[in-house]
Amino acid sequence: MKPATETILTRVFITLMSLFTTMAVGHRLGAQGLGEVSLIVLGITVVMLMSSIVGGGALVYFASRTDRYRLLVPSYAWVALTAGVAWILLRAIPVLPPRYITAVVVLATLQGVFTVHLNIVLGWERFRAANAINAVQSAALLLAFLAIEGQGEIHDASDYVTAALVAFGLTVVLSSIAIAQGPR
């Protein structure tokens with residue numbers, strides 16, 4: 001199968017997993033829980049916008065032209081700096097419930113590291129690995145959320161945070177393995 005076809009199919013799969021995750025969150029947590037999860041996702045997205053300035057698409061271009069460690073060190077430093085600034089800003093500006101601020105920063109940091117890795121892997125034209133890791137993240141989020149929701153009786157947005165920690169942590173591990181393997 002051609003890389004473009006695989007990427008399209010992966011995007012369709014990810015979209016379906018996102019839809020199912022949203023449906024599961026809405027069904028299990030109700031309107032208030034879905035609203036809190038939406039604020040958490042918004043917080044992660046805002047932090048990721050800042051983080052992608054250094055760890056974004058330019059890495060795709062430089063990955064095949066520069067040693068990976070020369071790209072990883074400044075990218076990781078930028079992700080860490082962005083996380084610190086985001087933590088301060090989110091505490092100063094009441095955008096989301098205070099109990100989720102640290103979780104949002106941790107999740108955005110994990111997603112930032114994953115994005116750095118993914119862009120380097122894409123720069124190496126390892127599309128199959130990148131697609132697989134992206135698909136695993138979306139499926140792991142849904143499966144972890146459903147597994148957590150099957151436990152206990154009290155359900156709130158922290159269940160989504162826990163599921164996201166599992167999914168994002170898994171993709172950091174998988175993308176780290178792909179980075180360690182290098183270009184092929």
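The values are calculated or read from the model by the stated rules, or taken from the named source; none is laboratory data. Owing to the predicted nature of the structure, the values given are computational and were not obtained by experimental measurement. Here the Cβ is made from the backbone with ideal geometry for all residues, glycine too, and neighbour counts use every protein chain on show. Each accessible area value is taken on the protein alone, full model and side chains, heavy atoms only, with ligands, DNA and RNA left out. Shrake-Rupley method; radii C 1.70, N 1.55, O 1.52, S 1.80 Å.
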- For the modelled label position 7 Å from the Cα of Arg99 along Cα-to-Cβ, which residues of region 159-184 have backbone nitrogen atoms closer than 16 Å? 159-163
- Task: For every other residue with a beta carbon closer than 15 angstrom to the beta carbon of Ala24, add +1 if it is Lys or Arg and -1 if Asp or Glu, then tell me the sum.
- Result: -3
- Note on the structure: Scaled by the rule-of-thumb 2.2 N^0.38 Å, the alpha carbon Rg for the chain gives a ratio of 1.05
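Would you work out what percent of the accessible area of the chain, with all protein chains in place, is carbon or sulfur (probe 1.4 Å)? Mind dumping the intermediate values first?
Details: 6730 of 9690 Å².
Ligands and nucleic acids excluded, carbon and sulfur give 69 percent.
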- Mean projection area, nm², convex hull over Cα of region 1-67: 6.6
- Query: Placing +1 at every Lys and Arg Cβ and -1 at every Asp and Glu Cβ, with all other atoms neutral, what dipole size does the chain have around its Cα centre, in debye to the nearest 20?
  - Reply: 660
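State in Å² the accessible area per residue of the chain; use a 1.4 Å probe, count heavy atoms of protein chains only, and round to the nearest integer.
Normalised by residue count, the accessible surface of the chain is 53 Å².
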- Query: Based solely on its DSSP helices, what 222 nm [θ] is calculated for the chain when runs of n ≥ 4 H residues each add -39,500 (n - 2.57) and the sum is averaged over all residues, nearest 500 deg cm²/dmol?
  - Reply: -30000 deg cm²/dmol
- Query: Along the charge dipole of the chain, Cβ charges K/R +1 and D/E -1, which of Ala31, Pro183, Val116 sits furthest on the positive end?
  - Reply: Pro183
- Item | Label-to-label distance, nm, for residues given as Leu9 and Ser38 (7 Å Cα→Cβ offset) | 3.4
- Taking the C-alpha atoms of region 45-91, how large are the radius of gyration and the largest Cα-Cα span, Dmax, in Å? 11.8, 40
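Of the peptides 81-88, 6-13, 103-110, how do they stack up when ordered by the mean number of other Cβ atoms within 10 Å, highest first?
By packing density, highest mean first, the sequence is 103-110, 81-88, 6-13.
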